[in-house]
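**Q** The structure follows.
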Amino acid sequence: MNRNRFISLLESYISPVLLTAAGLVMLFCPDSASALVSDILSWGLIIAGVCLVLGIIISQEYTSVFNWIRAAGCIGLGGFFLSDPLLLAQLIGQVLGLLILVQGISSIRMSYSDFGKILSVITIIIGIVLVVAPMSLSRLVMRILAVVMIVVGAAEIVDRIFVRKLHKSDNTDIIDAE
């Protein structure tokens with residue numbers, strides 16, 4: 001098979017199918033997707049820590065305690081989140097919930113209209129839900145991302161099928177007569 005033909009086939013059909021399949025997996029298994037993202041971030045932290053250690057060794061700045069603390073912190077934090085992949089999603093959900101809760105409490109004091117107070121109460125409720133059930137945010141984000149991936153992948157597949165049919169039926173040769 002010609003290399004250009006293979007690349008064209010890959011771009012045309014295989015990548016939209018894989019995008020749709022990944023979206024379906026994320027839709028039905030959002031915790032696994034969160035764990036995968038957490039694993040990727042954890043390994044990124046570990047690699048960053050190792051790069052910091054290599055930078056210290058290469059630059060021969062062995063006495064810089066702050067650089068050693070940063071490197072150890074990156075490696076330690078990466079290892080800590082790698083031991084429990086969903087812990088990162090839980091912490092992010094709880095921190096975001098606390099921030100939203102504080103924002104809602106401050107907004108309720110500063111709102112003058114009833115509509116503003118209603119929105120502030122809704123914000124407080126969302127903050128409480130995120131503090132109590134932090135994984136709900138991660139699941140919601142993963143499901144929204146999954147729906148977007150499914151729609152984009154399916155749209156690309158449909159587009160490729162119809163565009164290909166249109167190109168096959170369009171065999172007009174234009175001859176320029178001058």
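The values are calculated or read from the model by the stated rules, or taken from the named source; none is laboratory data. This one's a predicted model, so the numbers in the text were calculated from it and none came from an experiment. Because the Cβ atoms are built from the backbone with ideal geometry, glycine has one as well, and the counts that use them run over all protein chains shown.
Let's see how each residue does on (1) among the β-branched types (Val, Ile, Thr); (2) touching a Gly at 6+ places or on another chain (Cβ under 8 Å); (3) at pLDDT 75 or above:
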| position | (1), (2), (3) |
| --- | --- |
| Ser138 | no, yes, yes |
| Met149 | no, yes, yes |
| Ala155 | no, no, yes |
| Val158 | yes, no, yes |
| Val163 | yes, no, no |
| His167 | no, no, no |
| Asn171 | no, no, no |
| Ile175 | yes, no, no |
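**Q** Moving to a separate point now. What residue, of Ile47, Ile57, Ile92, is within 27 Å of Ala133 (Cα to Cα) and not charged (D, E, K, R)?
**A** Working: Ile47 fails: within 27 Å of Ala133 (Cα to Cα); Ile57 fails: within 27 Å of Ala133 (Cα to Cα).
Sole residue among the options that is within 27 Å of Ala133 (Cα to Cα) and not charged (D, E, K, R): Ile92.
**Q** Which of the residues belonging to the stretch 109-127 are within 32 Å of the chain's Cα centre (by Cα) and not polar (S, T, N, Q)?
**A** Those that are within 32 Å of the chain's Cα centre (by Cα) and not polar (S, T, N, Q): Gly116, Ile118, Leu119, Val121, Ile122, Ile124, Ile125, Ile126, Gly127.
**Q** Please state which of the following conditions Phe80 fails to meet, knowing it meets all the rest: (1) assigned to a helix (DSSP H, G or I); (2) over 30 Å from Ser138 (Cβ atoms).
**A** With (1) assigned to a helix (DSSP H, G or I); (2) over 30 Å from Ser138 (Cβ atoms) applied to Phe80, the lone miss is (2).
**Q** Give just the number: which of (1) under 16 Å from Gln90 (Cβ atoms); (2) surrounded by fewer than 13 Cβ atoms within 10 Å (Cβ to Cβ); (3) not hydroxyl-bearing (Ser, Thr, Tyr) does Ile122 not satisfy?
**A** Condition (1) is where Ile122 drops out.
**Q** Does Leu18 fit the bill of being of a type in the set (A, V, I, L, M, F, W, C) and more than 23 Å from Ile157 (Cβ to Cβ)?
**A** Against the criterion (of a type in the set (A, V, I, L, M, F, W, C) and more than 23 Å from Ile157 (Cβ to Cβ)), Leu18 does not qualify.
**Q** Based on what the data block shows, is Ser12 assigned to a helix (DSSP H, G or I) and without any contact (Cβ under 8 Å) to a residue 24 or more places away in the chain? Reasoning before the result, please.
**A** Values: assigned to a helix (DSSP H, G or I): yes; without any contact (Cβ under 8 Å) to a residue 24 or more places away in the chain: no.
Here the answer is no, as Ser12 does not meet what is asked.
**Q** Could you tell me whether any residue of the stretch 66-74 is within 22 Å of the chain's Cα centre (by Cα) and either of a type in the set (A, V, I, L, M, F, W, C) or assigned to a helix (DSSP H, G or I) (or both)? Quick ask: steps written out before the conclusion?
**A** Here is the first cut: in the stretch 66-74, the residues within 22 Å of the chain's Cα centre (by Cα) are 74.
The next check asks that each one be either of a type in the set (A, V, I, L, M, F, W, C) or assigned to a helix (DSSP H, G or I) (or both); those that pass are 74.
Checking the stretch 66-74: at least one residue is within 22 Å of the chain's Cα centre (by Cα) and either of a type in the set (A, V, I, L, M, F, W, C) or assigned to a helix (DSSP H, G or I) (or both).
**Q** Go through (1) surrounded by fewer than 16 Cβ atoms within 10 Å (Cβ to Cβ); (2) among the β-branched types (Val, Ile, Thr); (3) out of contact with any helix residue (DSSP H, G or I) (no Cβ under 7 Å at 6 or more places or on another chain) and name the single condition Ile105 misses.
**A** The number of the failed condition is (3).
A quick yes/no check of all residues on (1) aromatic (Phe, Trp, Tyr); (2) in contact (Cβ under 8 Å) with a residue 60 or more places away in the chain; (3) touching a helix residue (DSSP H, G or I) at 6+ places or on another chain (Cβ under 7 Å):
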residue: Gln94; (1), (2), (3): no, no, yes
residue: Leu101; (1), (2), (3): no, no, yes
residue: Arg109; (1), (2), (3): no, no, no
residue: Phe115; (1), (2), (3): yes, no, no
residue: Ile122; (1), (2), (3): no, no, no
residue: Leu130; (1), (2), (3): no, no, yes
residue: Arg139; (1), (2), (3): no, yes, yes
